[in-house]
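Heads up: the structure comes next, in structure tokens.
The values are calculated or read from the model by the stated rules, or taken from the named source; none is laboratory data. Please read these numbers as outputs of a predicted model, since none were measured by experiment. Glycine gets a Cβ as well: all are built from the backbone with ideal geometry, and neighbour counts include every protein chain shown.
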Amino acid sequence: MKELKVGIIGAGGIAAKMHLPELQTVDDCEVVLLSGRKQSRLDVLCRKFNVPRSTQNYQDVIDDESINAVAIALPHPLHVEWGIKAIQSGKHVYMQKPLSTSMDEADAFVEETDNHNQTVLALPYMSNPHVLACRDYIQNEKLGTISAADARASHGGPEVYYAGIQEILEEKPTDDLWFFDANKADVGALFDMGVYAIANLVGVVGAVKSVTAKLTTVAKPTRLEDTASMILEFENGALGTARTGWCDAARTYEFSVHGTAGKLVSSRQAESLRYYYPSSQVDEDAPLIEETVNLSSYPMQNSHQHWAACIRQGIQPPLSNASTARHVTEILLAALKSSRENRTVDIQSRLTIY
């Protein structure tokens with residue numbers, strides 16, 4: 001398939017900030033139909049991103065036979081319903097994270113994906129250069145046996161995020177954010193931001209066996225969690241920590257993986273990756289050798305470019321596929337249960353990453 005004709009379901013913040021701008025960077029790709037609840041948003045986004053048609057009926061995107069690819073940009077609880085409809089209509093699907101807030105839905109989505117031939121990307125950002133580089137270093141045994149890994153993904157909260165969105169949408173500031181509404185969002189910072197940290201850990205270290213977590217609400221006007229910390233037990237025996245939240249005004253993306261022969265550490269925003277290993281195996285005080293990992297040798301592509309490349313190759317994304325998204329969803333749900341019941345929760349789904 002050479003030319004992509006894309007329809008987007010959802011005309012909110014993520015469509016405005018990520019889907020529409022990134023799709024403009026994809027060769028031989030055109031967004032032909034944008035759907036959303038608010039006509040004012042449709043008018044603004046169609047004007048800014050040269051989208052020829054809009055609709056307030058999501059089903060119009062599904063029924064449009066000229067569209068061969070669909071991006072799902074809806075609130076979390078609506079992802080799977082419309083993702084499955086898009087798959088059943090014969091369209092390739094880009095699923096906004098998180099996949100779902102329900103294991104039954106996640107299982108149904110994977111089954112639908114397996115029963116069709118369309119390409120489905122279900123976890124943005126797993127094809128980033130630092131993730132791919134870490135995988136190569138592990139496979140080339142430069143880190144030895146992996147013992148531990150840590151990731152943090154957090155920011156100042158939905159109200160900070162949406163201040164920029166409202167500027168794009170040409171809307172007046174509002175405190176009415178669906179992220180804080182438990183009836184609309186269903187889940188809080190864990191699913192919104194923690195999904196990035198957990199997905200990257202799974203992509204680098206592998207499948208998770210159990211989760212122990214604590215969730216709390218520190219500062220935000222919601223009964224949903226705004227801060228979370230997790231201990232992950234990986235199937236290969238390593239341990240990991242994943243931390244997230246909406247109360248980090250300075251914004252953080254941190255990632256590190258540690259082994260018996262060396263370690264990899266990313267910068268705060270994953271702009272660089274450094275490899276450290278000992279200069280001596282018998283002198284604890286000997287200086288570490290530090291090398292900067294050459295990330296330029298990995299494809300510098302956004303997630304929509306990766307999706308399009310997989311569509312044209314006729315494959316599922318190697319890491320960002322529906323099965324990995326289901327595994328990550330189970331980890332997130334297990335973290336909720338662990339915190340609520342004050343115990344470690346086992347993961348049932350199995351996943352082959354390497």
Would you be able to say whether some residue in segment 76-85 is at pLDDT 95 or above and in contact with a His (Cβ under 7 Å, 6 or more places away or on another chain)?
no
Those residues of segment 201-232 which are surrounded by fewer than 21 Cβ atoms within 10 Å (Cβ to Cβ) and touching a Leu at 6+ places or on another chain (Cβ under 6 Å), in sequence order:
ALA207
For segment 77-134, what are the residues that are among the acidic types (Asp, Glu) and either in contact with a Phe, Trp or Tyr (Cβ under 6 Å, 6 or more places away or on another chain) or not assigned by TED's automatic domain parsing to the domain that holds MET18 (or both)?
none
Name the single residue, out of those in segment 68-82 being of a type outside the set (Val, Ile, Thr) and touching a Leu at 6+ places or on another chain (Cβ under 8 Å), that is surrounded by the fewest Cβ atoms within 10 Å (Cβ to Cβ).
ASN68
Residues in segment 111-129 that are crowded, with 22+ Cβ neighbours inside 10 Å, over 20 Å from ALA16 (Cβ atoms) and modelled with pLDDT of 95 or more: how many?
4
Can you say whether ASP136 is at negative phi, surrounded by fewer than 19 Cβ atoms within 10 Å (Cβ to Cβ), over 20 Å from the mean Cα position of the chain (by Cα) and free of Cβ contacts under 8 Å to residues at least 60 places away in the same chain, as far as the supplied structure shows?
yes
Exclusive hit being in contact with a helix residue (DSSP H, G or I) (Cβ under 7 Å, 6 or more places away or on another chain), closer than 16 Å to HIS258 by Cβ and of a type outside the set (D, E, K, R), set ALA149, ALA122:
ALA149
Matching option when the condition is closer than 27 Å to GLY188 by Cα and either of a type outside the set (D, E, K, R) or surrounded by fewer than 24 Cβ atoms within 10 Å (Cβ to Cβ) (or both), among GLU3, GLU30, GLU65, GLU22:
GLU22
Examine segment 34-52 for a residue that is touching a Cys at 6+ places or on another chain (Cβ under 8 Å), assigned by TED's automatic domain parsing to the domain that holds MET95, surrounded by fewer than 16 Cβ atoms within 10 Å (Cβ to Cβ) and not aromatic (Phe, Trp, Tyr), and state whether such a residue exists.
yes
Out of VAL61, VAL51, VAL6, sole residue that is farther than 25 Å from GLN313 by Cβ, in contact with a strand residue (DSSP E or B) (Cβ under 7 Å, 6 or more places away or on another chain) and β-branched (Val, Ile, Thr)
VAL51
Kindly indicate whether any position in segment 53-75 is out of contact with any helix residue (DSSP H, G or I) (no Cβ under 7 Å at 6 or more places or on another chain), in a helix (DSSP H, G or I) and either farther than 24 Å from ALA122 by Cβ or basic (Lys, Arg) (or both).
no
